[in-house]
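Here the structure comes first, spelled out in structure tokens, and everything after it is commentary.
The values are calculated or read from the model by the stated rules, or taken from the named source; none is laboratory data. For clarity, every value in this text was computed on a predicted model and none was experimentally measured. Cβ placement follows ideal geometry from the backbone for every residue including glycine, while neighbour counts extend to all protein chains displayed.
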Amino acid sequence: MVVRFVLQFDRISLPEDSPALRAEVREFLAAESEHLARPNSDFGTGHDPAFSRKLGARGWIGMTWPKQYGGAERSFFERYVVTEELLAAGAPVSAHWIADRQSGPLLLRFGTDAQREAYVPPIARGESYFSIGMSEPNTGSDLASVRTTAKRTGDGWLINGTKLWTSEAHRNHYMITLVRTDAPSDNRHAGLSQIIVDLKNDGARIRPIRNIAGSEDFNEVVFEDVLVPEDRIVGEPGNGWQQVTSELAYERAGPERFLSAFRVFVELVRAAGEAPEPQLAAAIGRIAAHLMALRRMSISVAGMLEDGQSPEVEAALVKGLGNDFEKLLPEVARLAVPTGPGAEHRRFRQTFADTLLLSPAFTIRGGTREILRGVIARGLGLR
Amino acid sequence: MDTRQLLIDTAERIFSDHCDKAVLDAAERGEFPERLWNVVRENGFHELAMADSGVDLKDAFAVIRVAGRHALPLPMVEILLANRWLQSSAELAVIGRLEGDRIADVPWAGNAKRALGIDWEGADGVSTSVSVEEIGTARNVAAESRDGLPVMAGAQPLGLNEPAFEMLALGRVASMAGCLERILELSLQYANEREQFGRPISKFQAIQHNLAIVAGEVAAASRAADAAIDALEGDRFALEVAAAKARVGEAAGIVAESAHQVHGAMGFTHEHQLHHFTRRVWAWRDEYGNEAFWQERLGRHLAGIGAEKVWDFLATRG
Ligand SMILES: Cc1cc2nc3c(=O)[nH]c(=O)nc-3n(C[C@H](O)[C@H](O)[C@H](O)COP(=O)(O)OP(=O)(O)OC[C@H]3O[C@@H](n4cnc5c(N)ncnc54)[C@H](O)[C@@H]3O)c2cc1C
């Protein structure tokens with residue numbers, strides 16, 4: 001038997017008209033410098049509702065969605081251009097990020113007309129923010145093991161259990177919560193459902209958890225007999241597993257999966273000056289060579305998605321490679337920047353420190369490195 | 001089907017038929033692969049990069065990549081580009097590095113009628129006849145012929161009007177991309193076939209993860225090579241080659257290391273075919289500039305354009 005390598009990364013480029021849009025975003029960012037005081041390319045850093053509303057007003061949230069629901073009916077490629085420009089500039093995007101990337105598309109695909117009308121337009125305006133309620137104290141990589149339950153009562157869904165690591169739950173408006181609506185059975189993926197929880201009004205207890213960077217971005221969300229109305233369920237009861245897995249390719253191959261540490265690179269180039277020593281130049285070149293390849297792979301996946309394919313394995317591969325690179329970048333940069341007397345490089349050191357403290361999460365959130373490698377191995381026919 | 005795919009499929013078929021382990025072993029013992037060379041000529045592959053070949057230069061590099069998949073023991077990069085620059089395919093001509101009045105790292109100099117010496121810095125070169133008596137034979141780590149010879153009296157300046165050195169480096173990039181793909185395939189196949197502890201070793205998570213890493217590197221190398229090939233004849237070609245040679249070279253080390261680990265002792269034997277491929281990527285990553293060389297070039301360029309413009313550089317080409 002001859003084994004052929006099956007993974008495909010088509011030679012796709014962004015469309016010709018993307019420079020105009022790109023220029024528009026850059027102009028916008030230049031004018032909004034007050035929001036960019038401490039640039040950070042990590043999509044999970046920088047909660048700035050005023051900035052999100054400005055993006056919404058420009059039509060840059062929900063870009064690919066139907067106009068009927070506040071979208072702009074633009075292509076995935078155009079969305080790609082906007083998101084990568086925002087991340088590269090280190091703009092504060094965390095408020096609307098999940099709603100734009102995940103929750104909006106989920107509601108458009110599986111939600112009722114009433115849900116779409118109620119929830120989607122405010123997302124596109126940059127006013128309504130969503131969290132992902134998947135992980136729990138005893139549920140991490142093994143997502144099908146969730147224990148939070150929702151029971152149908154005469155008045156709606158009665159939720160009990162605890163969600164953990166819920167990013168931005170203390171700041172956001174809603175959480176799409178993965179719950180068991182049926183008791184566990186032999187089919188581990190059956191009996192799961194997604195329910196919209198109003199984080200401000202439904203009575204879930206939200207406790208922020210300090211991370212190693214000293215900030216409070218993720219939370220514990222406790223449900224004790226929290227009752228939510230019947231019409232908060234998304235899609236058919238029991239269809240939760242299909243729904244959470246359906247958007248994985250979108251979630252995994254975007255530019256946020258290799259750009260989290262990008263500002264460190266910018267500061268490395270600044271610290272290097274115009275004519276760096278060979279080793280320092282080589283560090284810059286090494287990082288750039290990785291970035292160029294990763295970006296093209298990521299755009300290939302975007303193209304395959306636009307094409308209607310579902311490149312699940314390719315997306316996992318780009319995320320895995322990209323996340324490892326996000327950790328490599330600061331390490332390469334750190335050793336390249338001169339130390340010692342006269343070599344202060346404060347901007348570099350600040351940006352490096354900010355990123356280093358976030359970096360452990362790069363290979364954990366959104367599917368750990370090990371889980372992704374398992375997905376790739378399956379794609380290679382090894383499992 | 002487009003021309004490129006047609007060429008790739010044809011090359012794939014012909015190279016599979018005419019390049020096996022016996023051919024590779026003989027070439028590595030120093031026997032010129034005469035039969036293979038005849039097949040290549042009969043099919044016109046040696047003329048693919050010539051201006052009047054009717055084939056897009058990019059497609060010629062796609063064929064070089066297929067040659068890499070097969071570890072073809074002919075210097076396809078040097079043959080194709082020598083014929084292009086000489087505007088003739090009448091005799092076997094090859095290429096090496098011009099160093100003053102000598103040319104180094106020339107493949108199969110003893111079998112060639114003509115050798116081109118390319119200057120790494122100036123992108124120019126000479127074309128000289130070959131005097132068999134004055135050849136110093138040498139090999140790279142893959143036992144590929146890399147001879148030294150003098151520039152003879154009567155040698156002609158080449159007068160190149162394209163970035164010759166970068167094109168040669170691109171040749172190594174394309175060859176490595178093909179070769180790396182093959183190394184992954186060999187490793188997948190071995191992992192599925194070899195059994196220990198009562199099951200195929202592919203069922204062990206450590207093996208799966210190593211191969212997932214290899215797949216990532218191979219995919220990145222492949223995409224980087226495609227991008228550099230697409231950049232041929234464009235204004236950013238030299239920088240795209242720099243990025244690709246740096247990235248693919250880095251992948252080569254990781255892939256070769258892991259492939260050997262997965263193959264155990266069997267992969268360490270001369271009898272197994274793995275080493276024909278791993279030794280080649282080890283050799284090729286160092287030829288026409290290693291990773292550090294190209295990283296530095298790219299890095300110097302980026303430092304020159306400055307921190308506020310690096311993103312623009314990265315985002316300008318899809
Ligand atoms: C910054 C940050 C933000 C997050 N935000 C959210 C959020 O908004 N909403 C949400 O629901 N979750 C969120 N998460 C949680 C995230 O999804 C989980 O951390 C992730 O799924 C891994 O789960 P875990 O942390 O419990 O690790 P575990 O699953 O306990 O894994 C621990 C280690 O074991 C390894 N491991 C586990 N299983 C296997 C296996 N089968 N084979 C090999 N190795 C294995 C893992 O790779 C990891 O290295 C966030 C996490 C972080 C760090």
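With respect to the stated conditions, B:Gly136 fails to be on the phi < 0 side of the Ramachandran plot, without any contact (Cβ under 8 Å) to a residue 12 or more places away in the chain and more than 17 Å from the chain's Cα centre (by Cα).
Among what's in the stretch B:187-222 and is in contact (Cβ under 8 Å) with a residue 60 or more places away in the chain and more than 8 Å from chain A (Cβ to nearest Cβ), pick the residue that is surrounded by the most Cβ atoms within 10 Å (Cβ to Cβ). In this case the residue turns out to be B:Ser187. If you check A:Glu306, A:Glu312, A:Glu326, A:Glu331 for being of a type in the set (Asp, Glu), more than 12 Å from chain B (Cβ to nearest Cβ) and free of Cβ contacts under 8 Å to residues at least 24 places away in the same chain, only one passes: A:Glu331.
For the stretch A:321-346, the set of residues classified as part of a loop (DSSP other than H, G, I, E, B) and under 14 Å from A:Ser359 (Cα atoms) is empty. Consider the stretch A:354-370 and keep the residues that are away from chain B (no Cβ under 14 Å) and near the ligand (Cβ under 6 Å from one of its atoms). The one that is surrounded by the most Cβ atoms within 10 Å (Cβ to Cβ) is A:Ala361. When the stretch A:130-161 is filtered for residues that are assigned to a loop (DSSP other than H, G, I, E, B) and more than 12 Å from the ligand (Cβ to nearest atom), the ones remaining, listed by number, are A:Arg147, A:Gly154, A:Asp155. Just one of the listed residues (A:Glu251, A:Glu220) is among the acidic types (Asp, Glu), within 16 Å of the ligand (Cβ to nearest atom), modelled with pLDDT under 95 and touching a Lys or Arg at 6+ places or on another chain (Cβ under 8 Å), namely A:Glu251. Considering only residues in the stretch B:117-140 that are surrounded by 14 or more Cβ atoms within 10 Å (Cβ to Cβ) and out of contact with any Gly (no Cβ under 9 Å at 6 or more places or on another chain), the one that is nearest to B:Met167 (Cα to Cα) turns out to be B:Ala123.
Among the residues here, A:Arg373 does not qualify as within 14 Å of the ligand (Cβ to nearest atom), within 14 Å of another protein chain (Cβ to nearest Cβ) and at pLDDT below 95. If a residue has to be more than 20 Å from A:Met304 (Cα to Cα) and of a type in the set (A, V, I, L, M) to count, how many in the stretch A:39-84 make the cut? Qualifying residue count for the region: 5. Residues that are free of Cβ contacts under 8 Å to residues at least 60 places away in the same chain and crowded, with 24+ Cβ neighbours inside 10 Å within the stretch A:100-121 comprise A:Asp100, A:Gly104, A:Val120, listed in sequence order. Scanning the stretch B:153-166 turns up at least one residue that is in contact (Cβ under 8 Å) with a residue 12 or more places away in the chain and within 14 Å of the chain's Cα centre (by Cα).
The condition (being more than 9 Å from chain A (Cβ to nearest Cβ), among the small types (Gly, Ala, Ser) and buried (at least 23 other Cβ atoms within 10 Å of the Cβ)) is satisfied by just one residue among B:Ala225, B:Ala243: B:Ala225. Of the listed requirements (1) within 19 Å of B:Leu314 (Cβ to Cβ); (2) away from chain B (no Cβ under 14 Å), A:Ala272 misses just one: (2). Beta carbons closer than 6 Å, at least 6 apart along the sequence or on distinct chains, pair a first residue in the stretch A:353-368 that is within 14 Å of A:Gly320 (Cα to Cα) and in a helix (DSSP H, G or I) with a second that is near the ligand (Cβ under 7 Å from one of its atoms) and modelled with pLDDT of 95 or more for A:Thr363/A:Arg369. I'd like the full set of residues that are within 12 Å of the ligand (Cβ to nearest atom) and touching a helix residue (DSSP H, G or I) at 6+ places or on another chain (Cβ under 7 Å), limited to the stretch A:172-193. Answer for the stretch A:172-193, where residues must be within 12 Å of the ligand (Cβ to nearest atom) and touching a helix residue (DSSP H, G or I) at 6+ places or on another chain (Cβ under 7 Å): A:Ile176, A:Leu178. Would you mind stating whether A:Asp198 is on the phi < 0 side of the Ramachandran plot, within 14 Å of the ligand (Cβ to nearest atom), more than 14 Å from chain B (Cβ to nearest Cβ) and of a type outside the set (Phe, Trp, Tyr)? No: the conditions fail for A:Asp198. For the stretch B:13-25, residues that are assigned to a helix (DSSP H, G or I), within 20 Å of the chain's Cα centre (by Cα) and surrounded by fewer than 16 Cβ atoms within 10 Å (Cβ to Cβ) total 3. Among the conditions (1) within 14 Å of the ligand (Cβ to nearest atom); (2) modelled with pLDDT under 95; (3) more than 14 Å from chain B (Cβ to nearest Cβ), A:Arg383 misses just one, which is (3). Summed over the stretch B:102-130, residues that are in a loop (DSSP other than H, G, I, E, B) and modelled with pLDDT of 95 or more total 5. Quick one: count up the residues across the stretch B:184-207 that are within 16 Å of the ligand (Cβ to nearest atom) and hydroxyl-bearing (Ser, Thr, Tyr). The number of residues fulfilling the criteria is 1. From the list B:Leu72, B:Leu81, the one residue that fits, being surrounded by 17 or more Cβ atoms within 10 Å (Cβ to Cβ), out of contact with any Asp or Glu (no Cβ under 8 Å at 6 or more places or on another chain) and in a loop (DSSP other than H, G, I, E, B), is B:Leu72.
In the stretch B:265-281, the condition of being surrounded by 18 or more Cβ atoms within 10 Å (Cβ to Cβ), within 11 Å of chain A (Cβ to nearest Cβ) and in contact with a Lys or Arg (Cβ under 9 Å, 6 or more places away or on another chain) is met by no residue. With a requirement of 3 or more residues that are within 17 Å of the chain's Cα centre (by Cα), the helices (runs of 4 or more DSSP H) lying completely within the stretch A:201-302 that satisfy it span A:240-246, A:248-252. Tell me yes or no: at least one residue of the stretch A:333-352 is within 16 Å of the ligand (Cβ to nearest atom) and either small (Gly, Ala, Ser) or within 30 Å of A:Ala282 (Cβ to Cβ) (or both). The answer is no, given that none of the residues of the stretch A:333-352 is within 16 Å of the ligand (Cβ to nearest atom) and either small (Gly, Ala, Ser) or within 30 Å of A:Ala282 (Cβ to Cβ) (or both). Of the residues that make up the stretch B:140-161, is at least one more than 23 Å from B:Gly30 (Cα to Cα) and not in a loop (DSSP other than H, G, I, E, B)? Yes - at least one qualifying residue is present in the stretch B:140-161.
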